[in-house]
């Protein structure tokens, strides 16, 4: 158990809808990263937040957006859902101490299916 | 830009046999290297990492990986696998300035009795 929780566990949406996924970071961690893991592939970096500010983004369109709250919980929002958005969405909680190589603690993921 | 190539999508092996999961990376800057394991219906767990120092790193459950800068590789090995090692293994790289991580496509290790 990593102490990182995600909700919901599973979600089914239709094309064009909007979705919000939630992540509760490990206590004391100030950074969260979100990843998309399509079936049979490795996780793809979406973005990361450090102390409520986005400070890194992967190759995802603006309809993927996020928030990090003062208690370091976070949300991933996806607008105008497309079929290819069907995937496992993972959040990773990190205690960033000023240098790289910090361990990421992953939640169990949210399985999103877009019909 | 950085990239990671895991050369085998699936590796079947008998219990108690040795195994090597291969990983090559590409980067124009210094990197940190990681191996993560994912069990069915779970998130990823860090298995081991290379930041600096000794090029051979070990995990608590018998896995080891060796950083080879000249060959840009970070292969994962275990001398004797168990049924419980059956899982998906991901090699990953991040630059030393931050923690954006690039993952490979994964290698499914299947240990047979």
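Of all residues in segment B:6-24 being closer than 21 Å to residue A:90 by Cβ and surrounded by 14 or more Cβ atoms within 10 Å (Cβ to Cβ), which is nearest to the other protein chains (Cβ to nearest Cβ)? Looking at residues that are closer than 21 Å to residue A:90 by Cβ and surrounded by 14 or more Cβ atoms within 10 Å (Cβ to Cβ), I get B:6. Candidates in segment A:2-46 are the residues that are at pLDDT below 90 and at positive phi; of these, the one that is nearest to the other protein chains (Cβ to nearest Cβ) is A:40.
Yes or no, residue by residue, for (1) in contact with a helix residue (DSSP H, G or I) (Cβ under 9 Å, 6 or more places away or on another chain); (2) farther than 16 Å from residue A:48 by Cα; (3) free of Cβ contacts under 8 Å to residues at least 40 places away in the same chain; (4) crowded, with 21+ Cβ neighbours inside 10 Å:
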residue	(1), (2), (3), (4)
A:65	no, no, yes, no
A:69	no, no, yes, no
A:74	no, no, no, yes
A:77	no, no, no, no
A:82	no, yes, no, no
A:90	no, no, no, yes
A:103	no, no, yes, no
A:108	no, yes, no, no
A:111	no, yes, no, no
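Of these, A:71, A:55, A:59, A:79, which one is farther than 19 Å from residue B:103 by Cβ and within 12 Å of another protein chain (Cβ to nearest Cβ)? Give the steps one after another, and end with the answer.
Values: A:71 fails: within 12 Å of another protein chain (Cβ to nearest Cβ); A:59 fails: farther than 19 Å from residue B:103 by Cβ; A:79 fails: within 12 Å of another protein chain (Cβ to nearest Cβ).
Being farther than 19 Å from residue B:103 by Cβ and within 12 Å of another protein chain (Cβ to nearest Cβ) holds for just one of A:71, A:55, A:59, A:79, which is A:55.
Taking residue B:104, is it within 14 Å of chain A (Cβ to nearest Cβ) and within 26 Å of residue A:35 (Cβ to Cβ)? First the steps, then the outcome.
Details: within 14 Å of chain A (Cβ to nearest Cβ): yes; within 26 Å of residue A:35 (Cβ to Cβ): yes.
Yes; evaluated as a whole, the condition is true for this residue.
Return yes when residue A:49 is touching a strand residue (DSSP E or B) at 6+ places or on another chain (Cβ under 9 Å), at pLDDT below 95 and in a loop (DSSP other than H, G, I, E, B) and no when it is not. Judged against the criteria, residue A:49 is not a match.
Within segment B:29-67, the residues that satisfy the criterion of being in contact (Cβ under 8 Å) with a residue 12 or more places away in the chain, outside any strand (DSSP E or B) and either within 14 Å of chain A (Cβ to nearest Cβ) or closer than 19 Å to residue B:95 by Cα (or both) are B:29, B:30, B:39, B:40, B:51, B:55, B:59.
Here are some residues: B:52, B:28. Which one is at pLDDT below 95 and closer than 22 Å to residue A:103 by Cβ? Before you say what the answer is, go through the steps one by one.
Details: B:28 fails: closer than 22 Å to residue A:103 by Cβ.
None of the other options fit; the residue is B:52.
Somewhere in segment B:70-78, is a residue over 21 Å from residue B:105 (Cα atoms), without any contact (Cβ under 8 Å) to a residue 24 or more places away in the chain, surrounded by fewer than 15 Cβ atoms within 10 Å (Cβ to Cβ) and more than 13 Å from the chain's Cα centre (by Cα)? Steps first, please.
At the first step, the residues of segment B:70-78 found to be over 21 Å from residue B:105 (Cα atoms) are B:70.
The next check asks that each one be without any contact (Cβ under 8 Å) to a residue 24 or more places away in the chain; those that pass are B:70.
Add one more test, that the residue is surrounded by fewer than 15 Cβ atoms within 10 Å (Cβ to Cβ), and what stays is B:70.
From what's left, more than 13 Å from the chain's Cα centre (by Cα): B:70.
Looking for residues that are over 21 Å from residue B:105 (Cα atoms), without any contact (Cβ under 8 Å) to a residue 24 or more places away in the chain, surrounded by fewer than 15 Cβ atoms within 10 Å (Cβ to Cβ) and more than 13 Å from the chain's Cα centre (by Cα), one finds at least one in segment B:70-78, hence yes.
The values are calculated or read from the model by the stated rules, or taken from the named source; none is laboratory data. Just so it is clear, the structure is predicted and the values come from calculations on it, not from any experiment. Every residue, glycine as well, gets a Cβ built from its backbone with ideal geometry; the counts of neighbours run over all protein chains shown.
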